[in-house]
Amino acid sequence: MLMGAIWTAMIVVSILFGCANGTAQQVASAAFDGARAAFELCLAIGGAICLWCAVMELMRECGLADALSRALRPVLGSLFPKSAAHESIMQPLSANVSANLLGLGNAATPMGIRAAQEMAGMSPAGVASDELCRLVVLNTASIQLLPTTIAAIRGAAGASAPFDILPAVWISSGISVAVGLIAARIMERRS
């Protein structure tokens with residue numbers, strides 16, 4: 001609601017200043033150019049998301065997604081020891097982390113929500129457990145091996161090698177997850 005009001009105010013102010021300065025034609029032209037560019041970007045990203053969701057579905061069908069999930073279970077079990085005994089939590093949690101590793105945040109979200117709901121059911125009403133907070137941190141700062149959405153945006157913007165950012169993504173996402181998990185541990189000990 002507030003963001004809608006802010007964007008509306010910015011648009012109205014831009015139009016008013018354009019009219020006052022005699023540049024209303026340039027403001028209108030820029031608005032249409034921006035809308036066209038946004039539409040083209042949405043189409044490019046939508047196509048890339050469809051492609052990678054299909055790849056994820058193929059991985060799921062041929063068993064690669066389950067293998068990746070099984071490979072992640074020991075690590076996730078140490079991060080979420082109370083939840084490790086509950087298959088109803090570990091299955092969506094490992095699928096969520098697997099999808100995030102592949103840069104498929106849109107495919108990871110439903111699994112993360114399901115894992116969070118299951119974790120929330122194990123703690124008192126209205127209280128987030130330490131493991132639930134850790135899950136939120138892990139999803140917010142997710143490590144990505146293949147940043148597919150970013151690569152799609154770079155490709156749509158004309159980058160000749162959209163995946164040449166991989167080392168920077170690996171380093172920055174690894175550091176952000178490490179710092180987030182350390183901060184979560186510190187906060188756990190303080191409470």
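Once the mean of 1/r is taken over each pair of separate Cα atoms and inverted, the range 112-191 shows a Kirkwood hydrodynamic radius of 14.6 Å. Calculate, for residue 40 and residue 175, the FRET efficiency according to 1/(1 + (r/R0)^6) with r their C-beta to C-beta distance and R0 30 Å; round to the nearest 0.05. Efficiency, from the Cβ-Cβ distance: 0.35. Think of a 1.4 Å ball rolled over the protein heavy atoms: the range 90-180 then has 47 Å² of accessible area per residue.
Surface composition of the chain: carbon plus sulfur atoms hold 71% of the accessible area, using a 1.4 angstrom probe and ignoring ligands, DNA and RNA. In a reduced charge model with +1 at each Lys and Arg Cβ and -1 at each Asp and Glu Cβ, the chain shows a dipole moment near 400 debye about its Cα centre.
The relative contact order of the chain comes to 18 percent, based on Cα pairs under 8 Å that sit 6 or more residues apart. Multiplying the residue separation of residue 25 and residue 161 by 0.36 nm and subtracting their alpha-carbon distance yields 45.3 nm. Each residue of the chain gets 168 Å³ once the volume of the Cα convex hull is shared out per residue. With no solvent and one point on each alpha carbon, what is the Debye value of log10 I(q)/I(0) for the range 1-67 at q = 0.14, 0.20, 0.26, 0.27 Å⁻¹? With one equal scatterer per Cα and no solvent, log10 I(q)/I(0) is -0.64, -0.87, -1.03, -1.05. Simple spin-label estimate for residue 106 and residue 66 gives 2.7 nm between the two label positions (7 Å along the Cα-to-Cβ direction from each Cα). For the range 156-188 versus the range 19-38, the spacing of their alpha-carbon centroids is 36 Å.
The values are calculated or read from the model by the stated rules, or taken from the named source; none is laboratory data. The structure displayed is predicted, hence computed values, not measured ones. Quick reminder, even Gly has a Cβ in these numbers, built from the backbone with ideal geometry, and neighbours come from all protein chains shown. Ligands, DNA and RNA are excluded from the accessible area calculation, which covers all protein heavy atoms including side chains. Shrake-Rupley method; radii C 1.70, N 1.55, O 1.52, S 1.80 Å.
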